[in-house]
């Protein structure tokens with residue numbers, strides 16, 4: 001008898017913990033609800049709601065906030081993959097926009113939906129009781145013009161059908177790698193956290209090199225690869241590759257003085273050497289007088305041109321000639 005009481009107490013504790021787990025959030029995805037989809041279903045948005053529904057399925061099948069939702073057998077189930085496995089969701093934590101889906105979008109409605117308005121949500125307060133109505137007060141009142149945008153569909157799951165449908169341990173990794181949407185609903189976020197589903201990280205950027213990049217040399221330090229320009233006529237050419245100090249040591253001959261040969265400069269005599277006397281400087285010759293051109297030579301080469309006289313001298317000359325003529329008479 002005592003052993004039977006202990007077993008009964010253990011069973012009651014397990015049932016209580018299961019109920020507590022359902023009331024907290026979505027249960028573990030280990031429930032089979034009889035839905036077997038061979039392909040990714042066709043999903044159509046519900047007008048004015050952030051929800052999709054499956055018009056071609058004979059099931060109350062929806063998609064909201066990154067997860068699939070099914071209402072079957074008086075219970076809600078959820079999964080991150082289109083064909084399960086499914087986790088049980090308690091009535092106290094079903095997302096509000098799932099509760100607000102109009103009756104007409106339930107493709108397999110239960111019997112107690114009959115008589116309810118097709119453009120209004122189901123009467124969950126009547127079905128789940130007054131206590132639930134008090135806990136979820138205001139669930140059917142919201143600003144219809146401010147509904148959030150629907151979450152993107154995880155279309156990557158189309159390539160996993162039939163025998164390629166992944167196991168539970170593979171689903172979480174594939175979902176994290178291919179679906180980057182971050183859920184808004186608290187229940188969905190909690191489910192993601194418990195299942196270890198995280199948003200795929202963004203591609204990492206290459207690390208920057210720790211060492212600073214070498215700066216390009218200044219234009220003055222760049223050696224010119226172009227050939228040197230030809231030397232100018234009349235002067236010695238100094239190679240460009242020669243450093244400035246070597247260029248200064250190149251002796252340039254001084255220009256020759258006018259009228260004489262060029263004298264080459266000599267550097268200081270080396271130590272211990274006897275200085276040589278400089279050679280005598282050549283005396284410049286006087287240039288010959290310029291030759292008169294034939295046009296400037298007078299016809300009478302023997303006669304010298306008389307200097308020009310003033311008017312007084314010309315009068316005196318005439319008077320003297322007249323005197324000479326008088327005397328000769």
ask   = Of the residues that sit in segment 174-192 and are in contact with a helix residue (DSSP H, G or I) (Cβ under 7 Å, 6 or more places away or on another chain) and part of a helix (DSSP H, G or I), which one is farthest from residue 65 (Cα to Cα)?
value = 178
message = Condition (residue is modelled with pLDDT under 90 and in a loop (DSSP other than H, G, I, E, B)) applied to segment 153-161: is it met by at least one residue?
response = no
message = Among the residues in segment 109-117, are any touching a helix residue (DSSP H, G or I) at 6+ places or on another chain (Cβ under 6 Å) and under 21 Å from residue 56 (Cα atoms)?
response = yes
message = If a residue must be more than 15 Å from residue 190 (Cα to Cα) and crowded, with 23+ Cβ neighbours inside 10 Å, how many such residues does segment 82-96 contain?
response = 2
Residue that is farthest from residue 147 (Cα to Cα) [pool: residues in segment 33-53 that are touching a helix residue (DSSP H, G or I) at 6+ places or on another chain (Cβ under 7 Å) and not in a loop (DSSP other than H, G, I, E, B)] = 53
inquiry  = Looking at segment 54-74 only, could you name the residues that are assigned to a loop (DSSP other than H, G, I, E, B), more than 21 Å from residue 190 (Cα to Cα) and either in contact (Cβ under 8 Å) with a residue 24 or more places away in the chain or touching a helix residue (DSSP H, G or I) at 6+ places or on another chain (Cβ under 8 Å) (or both)?
reply    = 54, 55, 57, 58, 59, 60, 73, 74
task = Within segment 132-152, work out how many residues are part of a helix (DSSP H, G or I) and modelled with pLDDT of 95 or more.
result = 1
task = Search segment 164-173 for residues being part of a helix (DSSP H, G or I) and surrounded by 13 or more Cβ atoms within 10 Å (Cβ to Cβ), and hand back the single one that is farthest from the chain's Cα centre (by Cα).
result = 168
inquiry  = Can you say whether residue 191 is over 22 Å from residue 49 (Cβ atoms) and touching a residue at least 60 places away in the same chain (Cβ under 8 Å), as far as the supplied structure shows?
reply    = no
query = Any residue at all in segment 116-135 that is within 52 Å of the chain's Cα centre (by Cα), within 27 Å of residue 32 (Cα to Cα) and surrounded by 15 or more Cβ atoms within 10 Å (Cβ to Cβ)?
reply = yes
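The values are calculated or read from the model by the stated rules, or taken from the named source; none is laboratory data. In this text, all values refer to a predicted model and were calculated from it rather than measured experimentally. When we count neighbours, we look across all protein chains shown, and the Cβ atoms used for this are built from the backbone with ideal geometry, even at glycine.
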